[in-house]
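Shown next, in structure tokens, is the structure this report addresses.
The values are calculated or read from the model by the stated rules, or taken from the named source; none is laboratory data. If you're wondering where the values come from, they're calculated on a predicted model, not measured in any experiment. Positions of Cβ are generated from backbone atoms using ideal geometry, with glycine treated the same way; all protein chains shown enter the neighbour counts. When the accessible area is computed, the model is the full protein with side chains, heavy atoms only, and any ligands, DNA or RNA have been set aside. Shrake-Rupley method; radii C 1.70, N 1.55, O 1.52, S 1.80 Å.
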Amino acid sequence: MYQHNGEEIFVIDAHVHLWDATEENIQHDGGEEFIRCFYDYHTTFTPEERQWGMDEYRHYGPDRMLEDMFGNAAVDMGIFQPTYLSDFYEEGFNTTEQNAELATEYPERFVLNGSFDPRDADPGIEYLEELHEKYDIPGVKLYTAEWRGDSKGWRLDDEEAFRFLERCEELGIENIHTHKGPTIRPLNRDAFDVKDVDDAASSFSGLNFIVEHVGLPRLDDFCWIAGQEPNVYGGLAVAAPFAQNRPGKFSEIMSELLWWLGEDRVLFGSDYALWNPDWLVEEVMEAELTEEHRTEYGVEWDLETKRKVMGENAAKLYDIDIEAKRRQFQEDEISQRFGLEDHYAGGEPAAADD
């Protein structure tokens with residue numbers, strides 16, 4: 001568990017991937033544009049000394065992921081959020097099956113989410129059911145701007161999308177993560193618009209809608225929607241790296257979120273491997289709200305709020321018992337691999353916790 005000012009904080013990274021953007025897997029020019037756009041985000045918001053080379057960025061593999069996620073104990077658990085892009089990548093960019101390589105080997109450390117695309121119609125419903133039966137997925141990640149043939153996106157409030165959401169509700173797949181953030185080349189900006197969340201969230205009050213990237217650059221629209229829909233949450237992926245080189249902007253974003261949603265409906269996510277949690281967690285933990293924002297919004301980025309945002313809120317959505325996990329991690333394979341047994345037993349903090 002991360003040590004912050006002498007206090008322990010259980011960190012659940014609610015937005016991670018195990019992707020394959022190797023040149024051999026790319027079957028459409030959009031696949032190359034997509035990973036290069038990802039890399040531009042990576043270099044813009046990553047400290048220069050922590051930036052990766054392009055080759056390793058294309059496909060880092062499971063061993064590198066384990067090291068980056070858990071090797072220095074910055075993160076305790078991760079939640080996989082797949083992004084298929086099957087028109088761009090022959091075997092998919094980041095599928096449930098690819099993520100399952102690690103999630104099934106280390107089920108105590110990872111939560112495996114699935115996905116659906118309403119344009120797949122009945123075969124898509126069958127695939128969703130298969131994912132649920134095989135992996136018991138508790139959530140899905142939706143990518144409304146994904147290209148499919150002549151289609152360049154879909155909406156959450158479409159009639160066919162509602163049919164899939166109904167099936168999720170019936171199956172007990174309660175956590176609906178949807179990418180509503182910055183445009184990624186060559187995808188369509190409008191297909192990432194946050195406005196379709198409104199009708200979906202009010203129509204399916206039994207589901208939790210986690211809006212990834214908090215709607216950026218449409219933060220205002222997102223906050224107004226989340227302010228009236230109690231089952232809408234904000235995922236900090238993409239917003240979190242602003243803590244590193246745009247601290248004033250990070251303060252603004254966090255102040256808006258805490259004022260509109262409160263401290264119980266915001267979730268930390270690194271968006272690994274866009275950014276690496278071994279430095280990002282520290283940047284977010286050590287960030288401060290400006291005095292101006294604290295006064296205007298009447299909110300605080302204090303220890304209690306950090307505990308909720310960095311792990312407890314995700315734990316509640318995914319029925320994770322943090323104390324039970326801590327006991328389990330004292331002797332699990334990951335702790336043994338990276339020498340973290342004492343860390344979870346309350347001994348000396350690991351290297352990342354200095």
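For the range 74-110, what are the residues that are of a type in the set (D, E, K, R), in a loop (DSSP other than H, G, I, E, B) and either out of contact with any Asp or Glu (no Cβ under 7 Å at 6 or more places or on another chain) or closer than 12 Å to HIS17 by Cβ (or both)?
If the condition is that a residue be of a type in the set (D, E, K, R), in a loop (DSSP other than H, G, I, E, B) and either out of contact with any Asp or Glu (no Cβ under 7 Å at 6 or more places or on another chain) or closer than 12 Å to HIS17 by Cβ (or both), then ASP76, ASP87, GLU90, GLU105, ARG109 are the ones that fit.
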- Give me a count of the residues in the range 137-151 that are touching a strand residue (DSSP E or B) at 6+ places or on another chain (Cβ under 7 Å), more than 13 Å from ASP190 (Cα to Cα) and either small (Gly, Ala, Ser) or open to solvent by 10 Å² or more (accessible area, probe 1.4 Å) (or both). 2
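How many residues, within the range 226-259, are in a helix (DSSP H, G or I) and in contact with a strand residue (DSSP E or B) (Cβ under 6 Å, 6 or more places away or on another chain)?
The qualifying residues number 2.
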- ARG307 being open to solvent by less than 80 Å² (accessible area, probe 1.4 Å), modelled with pLDDT of 95 or more and not in a loop (DSSP other than H, G, I, E, B): yes
- Task: Collect the residues in the range 69-85 that are open to solvent by 10 Å² or more (accessible area, probe 1.4 Å) and farther than 30 Å from LYS152 by Cβ, keeping them in residue-number order.
- Result: GLY71, ASN72
- In the range 1-73, which helices (runs of 4 or more DSSP H) lie fully inside it and hold 3 or more residues that are in contact with a strand residue (DSSP E or B) (Cβ under 9 Å, 6 or more places away or on another chain) and of a type outside the set (A, V, I, L, M)? 29-45
- Looking at (1) free of Cβ contacts under 8 Å to residues at least 60 places away in the same chain; (2) assigned to a helix (DSSP H, G or I), which is the one condition that is false for ILE137? (2)
- Restricting attention to the range 152-178, which residues are outside any loop (DSSP other than H, G, I, E, B) and open to solvent by 10 Å² or more (accessible area, probe 1.4 Å)? GLU159, GLU160, PHE162, ARG163, GLU166, ARG167, GLU169, GLU170, LEU171
- Message: Residues that are open to solvent by less than 10 Å² (accessible area, probe 1.4 Å), in contact with a helix residue (DSSP H, G or I) (Cβ under 7 Å, 6 or more places away or on another chain), in contact (Cβ under 8 Å) with a residue 60 or more places away in the chain and under 29 Å from PHE34 (Cα atoms): does the range 239-247 have at least one?
- Response: yes
- Message: Suppose we filter the range 111-134 for residues that are open to solvent by 10 Å² or more (accessible area, probe 1.4 Å) and part of a strand (DSSP E or B); how many remain?
- Response: 2
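Restricting to the range 176-190, name every residue that is more than 19 Å from ILE35 (Cβ to Cβ) and either modelled with pLDDT of 95 or more or within 19 Å of the chain's Cα centre (by Cα) (or both).
ILE176, HIS177, THR178, LYS180
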- Task: Go over the candidates LYS141, LYS152 one by one and state the one that is touching a Pro at 6+ places or on another chain (Cβ under 7 Å) and basic (Lys, Arg).
- Result: LYS141
- Message: Please determine whether any residue of the range 184-200 is of a type in the set (Asp, Glu), closer than 22 Å to ARG307 by Cβ, outside any loop (DSSP other than H, G, I, E, B) and open to solvent by 40 Å² or more (accessible area, probe 1.4 Å).
- Response: no
- Would you say TRP301 is open to solvent by 40 Å² or more (accessible area, probe 1.4 Å) and farther than 23 Å from LEU18 by Cβ? no
- Note on the structure: In the range 221-239, anything closer than 23 Å to ARG294 by Cβ and in contact with an Asp or Glu (Cβ under 8 Å, 6 or more places away or on another chain) is listed as CYS223
- Single residue of GLU312, GLU283, GLU256, GLU263 found to be closer than 16 Å to ARG50 by Cβ and either buried (at least 19 other Cβ atoms within 10 Å of the Cβ) or aromatic (Phe, Trp, Tyr) (or both): GLU283
- Go through the residues of the range 27-50 one by one and say whether even a single one is closer than 30 Å to ASP321 by Cα and open to solvent by less than 50 Å² (accessible area, probe 1.4 Å). no
- Query: Residues in the range 86-110 that are surrounded by 20 or more Cβ atoms within 10 Å (Cβ to Cβ) and more than 29 Å from ASP158 (Cα to Cα): how many?
  - Reply: 5
- Task: Kindly list, by first and then second residue, each pair from a residue in the range 212-230 that is farther than 11 Å from ILE253 by Cβ and touching a residue at least 60 places away in the same chain (Cβ under 8 Å) to a residue that is charged (D, E, K, R) and open to solvent by less than 10 Å² (accessible area, probe 1.4 Å), limited to pairs with Cβ atoms under 8 Å and residues at least 6 apart or on different chains.
- Result: GLU212/LYS141; GLU212/LYS180
